[in-house]
Amino acid sequence: MPTPSPARVHDFEVVSNESIAERIFSIEIAAPELARAISPGQFVNVAVPGNAMSLLRIPLSYVRADIDAGSIVMWYAVVGDGTRRLSRMKPGETSTLLGPGGRGWSVPDSTTRALLVAGGIGVPPVLCLAHELHERGIAFDVCLGSMSAKTLVGAEQFRYLGAGTVCVSTDDGTAGLCGFCTDPAADMLLAGGYDYVATCGPAPMMRKTAAAAAEAGTYCEASLERMMSCGFGACGTCNVETTEGMEGACMCGPVFDASKVVVW
Amino acid sequence: MPTPSPARVHDFEVVSNESIAERIFSIEIAAPELARAISPGQFVNVAVPGNAMSLLRIPLSYVRADIDAGSIVMWYAVVGDGTRRLSRMKPGETSTLLGPGGRGWSVPDSTTRALLVAGGIGVPPVLCLAHELHERGIAFDVCLGSMSAKTLVGAEQFRYLGAGTVCVSTDDGTAGLCGFCTDPAADMLLAGGYDYVATCGPAPMMRKTAAAAAEAGTYCEASLERMMSCGFGACGTCNVETTEGMEGACMCGPVFDASKVVVW
Amino acid sequence: MSAVRMAVDVGGIKMKNPVSTAAGTFGYGWQFDSLMDVSALGAITTKGCAALPWPGNPAPRMAEVPGGMMNSVGLQNPGVRGFVEQSGTYLERLAGKGTQIICQVAGHSTAEYVSALELFCELCPWAAGFELNVSCPNVAEGGIACGSTPEAAAEVVRACRRVCDRPLLVKMAPVRVDEIARAVEDAGADALTIINSIPGMSIDIETHRSRLSRPTGGLSGPLLHPIAVRMVWEAFRAVRIPIIGVGGIMTGADAAEFILAGATSVAVGMASLVDPGASLRILAELEAWADRQGVSDINELVGAFEA
Amino acid sequence: MSAVRMAVDVGGIKMKNPVSTAAGTFGYGWQFDSLMDVSALGAITTKGCAALPWPGNPAPRMAEVPGGMMNSVGLQNPGVRGFVEQSGTYLERLAGKGTQIICQVAGHSTAEYVSALELFCELCPWAAGFELNVSCPNVAEGGIACGSTPEAAAEVVRACRRVCDRPLLVKMAPVRVDEIARAVEDAGADALTIINSIPGMSIDIETHRSRLSRPTGGLSGPLLHPIAVRMVWEAFRAVRIPIIGVGGIMTGADAAEFILAGATSVAVGMASLVDPGASLRILAELEAWADRQGVSDINELVGAFEA
Ligand SMILES: Cc1cc2nc3c(=O)[nH]c(=O)nc-3n(C[C@H](O)[C@H](O)[C@H](O)COP(=O)(O)OP(=O)(O)OC[C@H]3O[C@@H](n4cnc5c(N)ncnc54)[C@H](O)[C@@H]3O)c2cc1C
Ligand SMILES: Cc1cc2nc3c(=O)[nH]c(=O)nc-3n(C[C@H](O)[C@H](O)[C@H](O)COP(=O)(O)OP(=O)(O)OC[C@H]3O[C@@H](n4cnc5c(N)ncnc54)[C@H](O)[C@@H]3O)c2cc1C
Ligand SMILES: Cc1cc2nc3c(=O)[nH]c(=O)nc-3n(C[C@H](O)[C@H](O)[C@H](O)COP(=O)(O)O)c2cc1C
Ligand SMILES: Cc1cc2nc3c(=O)[nH]c(=O)nc-3n(C[C@H](O)[C@H](O)[C@H](O)COP(=O)(O)O)c2cc1C
Ligand code: FES
Ligand code: FES
């Protein structure tokens, strides 16, 4: 029998929940056991109270875990009813989550310099990885993309964690370069010096990044998003078409070897 | 074309909402226009926020209206999800209601002494009528029934409004007589002196009261309860079988001439 | 303001906009007159009515269920003559203001549908068309029994077609939709109303009895919506006659899904009971959506679903 | 503690209690092993599996709808051999602890059902019975096409009956339930599982496309419950073989309604995805209810609905 999901049901309590950019919130939740168990690239599946017509949990990556404080931090965009309700949860409110879910990043021990390419609300798992790289003493650069300055998150944090370069691009040019972050990323990859690439963001962005990494011959991992019902391998709704067949994003991913991904 | 319902959609704000007996709450809501429009025996159909799976409004009678304060008071038993959510509404919270609905009491002008027979959570519309009788200077006695002392409401208020006798019965004997309030009611009716009877409560109670009134030859009105979807005559779900055919409780009632009611 | 043309033609019934009301959830129209501007609607469909009065079912006739409600009204109605006496003047005036009146026809048998329809045709010159309810889940004979097989439904329609030259709609049961749609189209129906409430059951687990006076009732409300949209799409691919989409419409977005799936028009049901002005809010939302799609005529969006 | 006997017999499958899991919502059991005590369940039904592996449908395979969800997984499965390799040891051990294993059988045609079933019979001596899924709404051929008419369903059952002497269950489509129930009973089915998800549709009104990779998907969750209870009651009156009630069970009360309507056993579906331990909570609530009814054996409550 394959290994079951490491996920467990945990109670959590909201510690803080605040807007950090346009329609993007940062929530800190106390869940001590989870904080100990989770690792970068994994996710949690959160039950948000308040609408009995909407039954499923909401899958979210995390940005960092604080084992001492027993908490984790997540950043989320308000895109629909579930995330809107989440944004209204107040400190002290409680609910449950299922986690940690899935397989996170696996940066090879031999890695010397990594390139991180993150776009939109794909930043959280990549920033989480930056914490790991920082701790492991692996150098990294970042290409960060966003629609506009108003929705840009993570630049400071990447710098604080010791990123070499943090190259920002916005679609509308209101911060950094004007255009997609995949262009500087491709240039940097071609220039060489990287032995690992991690990416998360919109599907076309990840596809381009993976193609550039492949061209440069650099190992690349990508964190994929799928509609998920359970988050622990029971329902088969979160499929990713890979070169090895259909694989569930919640168990075999969300982080995949990018060269295996057939449909982004 | 028959007369449409006098009901309109009104915004309301909770003024106070407190328990007054076991699982029975009194709520005061501000809705100035409604307070002016409503009359004893009519009801309102309240939208209770908080559960998107439960869409219908909750029909409730009212206990008294204060035109100056622009508010009405309702008493309700917590029996299911809707009334439970209502009991959690806090002062300042708002929602909407449809009202006033239906046809209330029509105490003939000639009335000199009325007997009011109310059981359980049937008290509110009857107490509301007592306010009217008090104002019109019509004498009245009350037979009040409840499961036990813990769920008894209204005795004080009836006395305060100048009731001649307030005869309390409880099923378990913890207050007043032990037994059903229909027994003293039948005795008092037989003893005579009444030219009007009003009743609201469990169906068997109303049936017995109506039978006793008929025997005594006294005109009797009863406020009936039915499952209601709309509360303004549009759906036909609130039917009462009467000697004149099926009649909707939300338009032809909730108060009916008891001698017309075939199925309670 | 939006510049989208909203007028639609439902089998010969020319509606100024696609929003109408579902039979049984809008009374005879006048019940809403003090609560909203009824004449802003494209059409209203009146509660099902038979040649002679029906008492309907005993109480309780309604139970709430998660995401909807269940009713067993059982087509209580005053008979066509009573209906016309009670509501004729109002409806005639409403028709004069440009809101089309669709009268729903009930019966226990083909003969009863025909005699009700004949009366309607005679007494309601202001009616734009008639909807045959062969799908009421709450009457023992007729109703759904007449609408659950292609043969039975077609028989009713054929017989009714002979006595009526105004537009005839068929209110469809939520079963075998493509087969029945084809059968009633062949039998001469001008349009389809899809769907009627789905039979359901709700048991009080302490008393072991139905929460209605009958074992089953008809489900309405949001819980129907994805099922009804699918059935509209099935019918849209099966027939050429236009469709009125019904089932759980609470918002303009819900209505828009029906239009994309192939409905030319939509009818609001339970939403009007909860919130009497819902149909006009839905109309406004639908118009805003059509505008956002960049079309000049809402008919361009009918069936625009890309499979 | 309750003194109610909870054991039930579902067409020869002896369950220590009436609570099982619905195919496709409980993986192959082991996915839940770290999240709950799976061996406390009366039975589990494994995800549908064909003779050879199926890839299932493209993403997205899931859309949330009010009161439920819609899936178009399309019976992705590793084939019976892959299934046994992957999950056989776990399931055999589970059977040893007294939880019955029902393996669900998928196919595109009668021949495919038969060959999958033959493999199952050969490779799964620990399986208590087999459930024929003739009602999957998400595969183009087979699935629901095999289960939507009495004739087609009976054909599959008859052919499967010949090659299998263990209990055979039929997972029923939510259509023509009484007719199909009778047909498959006659064809040799030992029990019925009622119902599979109802086909639905959800359209993104901005892109005009399905929110799934296919136009339609199967609906699960509370929105099904009153419909499913009604269908169980229809089947209960039509046949003598036992029924497993499925559809929107979130609480013991939901399960109790199925029992009263005539189900001998119930299966929990979507609830397990939202809350992995839901089935055990439901079992506890069901037992408490049975106790409250004053019976000594839950079988006394099967079909105890008073119409
Ligand atoms: C493993 C994983 C990790 C994620 N991490 C984050 C994160 O760290 N921060 C963040 O903001 N979001 C993250 N998401 C996406 C997040 O789960 C969705 O935005 C959220 O579930 C939307 O819920 P809603 O009810 O607000 O929106 P809905 O009303 O359900 O949908 C709004 C829109 O979002 C899309 N959407 C909904 N759910 C998903 C989903 N699971 N995947 C992709 N698109 C979806 C819908 O198609 C729709 O267009 C993650 C998703 C996955 C699968
Ligand atoms: C005209 C009218 C006036 C009413 N006035 C009052 C009042 O002043 N105070 C008060 O406490 N209650 C009153 N009721 C009853 C009240 O409407 C119900 O108790 C309430 O709707 C229950 O809602 P729920 O969601 O809490 O319960 P649910 O979960 O819906 O049901 C709980 C129980 O209450 C019963 N019930 C639910 N709705 C009704 C209803 N409309 N009529 C009868 N039984 C029902 C159900 O059958 C069930 O047994 C009145 C009802 C009507 C029709
Ligand atoms: C109280 C009530 C009464 C109804 N009466 C009728 C009727 O007379 N004829 C009919 O065809 N449908 C009737 N219906 C069904 C509706 O017209 C509609 O098809 C169904 O409610 C689904 O739409 P909705 O979900 O928007 O309510 C009735 C529905 C309700 C709730
Ligand atoms: C993700 C998912 C996958 C499913 N897969 C299957 C399946 O393989 N075979 C089957 O017969 N039913 C399948 N079903 C249907 C369920 O077994 C069940 O009949 C349905 O979900 C209704 O029950 P529920 O409302 O409790 O979920 C699936 C349902 C879901 C949600
Ligand atoms: S979300 Fe259920 S298997 Fe991945
Ligand atoms: S509740 Fe709708 S007609 Fe009375």
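Here the calculated FRET efficiency for C:Ser213 and D:Arg292, from their Cβ-Cβ distance with R0 = 30 Å, stands at 0.75, rounded to the nearest 0.05. In the assembled protein chains, C:Asp275 presents an accessible area of approximately 50 Å² (probe radius 1.4 Å). Once all protein chains are placed together, B:Trp264 keeps about 50 Å² accessible to a 1.4 angstrom probe. Note on surface exposure: D:Asp9, B:Asp257 rank D:Asp9, B:Asp257 by accessible area, highest first, 1.4 Å probe.
Rounded to the nearest 100, the interface formed by chains A and D buries 2500 square angstrom of accessible surface, both chains summed, with a 1.4 Å probe.
Relative contact order of chain D, please, whole-number percent, based on alpha carbon pairs below 8 angstrom and at least 6 residues apart.
On the way: 763 pairs, mean separation 62.6, N = 307.
With pairs under 8 Å counted, the relative contact order is 20 percent.
Report, to the nearest 10°, how far helix A:203-216 tilts away from the longest principal axis of the Cα atoms in chain A, using its own Cα long axis and a range of 0 to 90°. For helix A:203-216, the angle is close to 40 degrees.
For the protein assembly as shown, with all protein chains in place and a probe radius of 1.4 Å, 51% of the accessible heavy-atom surface sits on carbon or sulfur.
Please give the length that would be gained between D:Val163 and D:Trp126 if that part of the chain were fully extended, namely 0.36 nm times their separation in residues minus their C-alpha to C-alpha distance (nm, one decimal).
11.6 nm
Between copies, A:Asp172 shows label-point distances of 6.6 nm, shortest first, with the point placed 7 angstrom from Cα along Cα to C-beta. Between C:Asp186 and A:Glu156, the simple label model (points 7 Å from Cα in the Cβ direction) yields a spacing of 7.2 nm.
Against the criterion of solvent-accessible heavy-atom surface with a 1.4 angstrom probe, C:Arg230, C:Arg81 sort, most first, into C:Arg81, C:Arg230. Placing a label point 7 Å from Cα along the Cα-to-Cβ direction at C:Asp33 gives distances to the equivalent points in the other copies of 7.1 nm, listed shortest first.
Entry for chain C at q = 0.11, 0.13 Å⁻¹: log10 I(q)/I(0) = -0.59, -0.84, Debye formula applied to identical alpha-carbon scatterers, no solvent contribution.
Please label the shape of segment D:1-48 as rounded, prolate or oblate, based on the square roots a ≥ b ≥ c of the eigenvalues of the alpha-carbon gyration tensor (a/c under 1.5 means rounded; beyond that, a/b larger than b/c means prolate, else oblate). It comes out oblate by the Cα gyration axes.
Is the shape of segment B:161-264 rounded, prolate or oblate, going by the alpha carbon gyration tensor and its root eigenvalues a ≥ b ≥ c, with a/c under 1.5 for rounded and a/b larger than b/c for prolate? Cα axes put segment B:161-264 in the prolate bin. Spacing of the modelled spin labels on B:Asp109 and C:Ala304, each 7 Å from Cα toward Cβ, amounts to 6.4 nm.
Normalised radius of gyration (Cα atoms, divided by 2.2 N^0.38 Å) for segment B:1-130: 1.06. When the alpha carbon gyration tensor of the protein assembly as shown is reduced to an equivalent ellipsoid, its three semi-axes come out at 53, 35, 33 angstrom, largest first.
Rounded to the nearest 20, the Cβ-based charge dipole of segment A:113-260 about its Cα centre (Lys and Arg +1, Asp and Glu -1) stands at 180 debye. Past 32 Å, Cα to Cα, is the threshold; run C:Lys47/C:Lys97; C:Lys97/C:Lys171; A:Lys260/D:Lys97 against it and keep the listed order. With Cα atoms farther than 32 Å apart: A:Lys260/D:Lys97. In segment A:52-66, burial by the other protein chains removes 20 Å² or more of 1.4 Å probe accessible surface, compared with the chain on its own, from A:Ala52, A:Met53, A:Leu55, A:Leu56, A:Arg57. For the protein assembly as shown, a simple Cβ point-charge model (Lys and Arg +1, Asp and Glu -1, everything else neutral) yields a dipole of about 600 debye relative to the Cα centre. Rolling a 1.4 angstrom probe over the protein heavy atoms with all chains in place gives the protein assembly as shown an accessible area of 35 Å² per residue. Heavy-atom accessible area, probed at 1.4 angstrom with all protein chains present, ranks D:Val4, B:Val79, A:Val262 as B:Val79, A:Val262, D:Val4, highest first. Only one residue of B:Ala52, B:Pro40, B:Ser87 has its Cα farthest out toward the positive end of the dipole of segment B:8-101, where Lys and Arg carry +1 and Asp and Glu -1 on Cβ, and that residue is B:Ala52. Rounded to the nearest 10 degrees, the inclination of helix B:182-191 to the longest alpha-carbon principal axis of chain B is 50 degrees.
Rounded to the nearest 500, the helix-only mean residue ellipticity at 222 nm of chain C stands at -10000 deg cm²/dmol, with each DSSP H run of n ≥ 4 adding -39,500 (n - 2.57). Quick one: if the Förster radius is 25 Å, what FRET efficiency do C:Ser34 and C:Lys14 give, using the C-beta to C-beta distance and rounding to 0.05? Computed FRET efficiency for C:Ser34 and C:Lys14 comes out at 0.35. B:Arg88 contributes an accessible area of around 150 Å² to the protein surface, as traced by a 1.4 Å probe with all chains present. A Gaussian network model of chain D, with springs between Cα atoms under 10 Å, assigns the largest mean-square fluctuation among D:Met172, D:Met270, D:Met201 to D:Met201. Across the copies of the chain, A:Lys260 has label points (7 Å from Cα along Cα→Cβ) spaced 7.5 nm apart, shortest distance listed first.
For A:Asp183, put the label point 7 Å out on the Cα→Cβ axis and report which residues of segment A:198-240 keep their amide N under 16 Å from it. What the label zone holds, given the 16 Å backbone N cut-off, is A:205, A:208-209. What FRET efficiency comes out for D:Ala284 versus A:Glu33 if R0 is 25 angstrom and r is the Cβ-Cβ distance? Round to the nearest 0.05. Rounded to the nearest 0.05, the efficiency is 0.50. A simple spin-label model places the labels of B:Met1 and A:Ala214 6.8 nm from each other, with each point 7 Å out along Cα-to-Cβ. Charge dipole of chain D (Cα centre as origin; +1 on each Lys and Arg Cβ, -1 on each Asp and Glu Cβ, all else neutral): 280 debye, rounded to the nearest 20.
The sum of -39500 (n - 2.57) across all DSSP H runs of n ≥ 4, divided by the residue count of chain A, sets its helix-only mean residue ellipticity at 222 nm to -6000 deg cm²/dmol. Between helix B:123-136 and chain B there is an angle of about 70 degrees, using the helix long axis and the longest principal axis of the Cα atoms.
The values are calculated or read from the model by the stated rules, or taken from the named source; none is laboratory data. On a predicted model such as this, the values are computed, not experimentally measured, just so you know. Cβ: placed from backbone, ideal geometry, glycine included. Neighbour counts: every protein chain shown. Please note that ligands, DNA and RNA were not included when accessible areas were found on the heavy atoms of the full protein model with its side chains. Shrake-Rupley method; radii C 1.70, N 1.55, O 1.52, S 1.80 Å.
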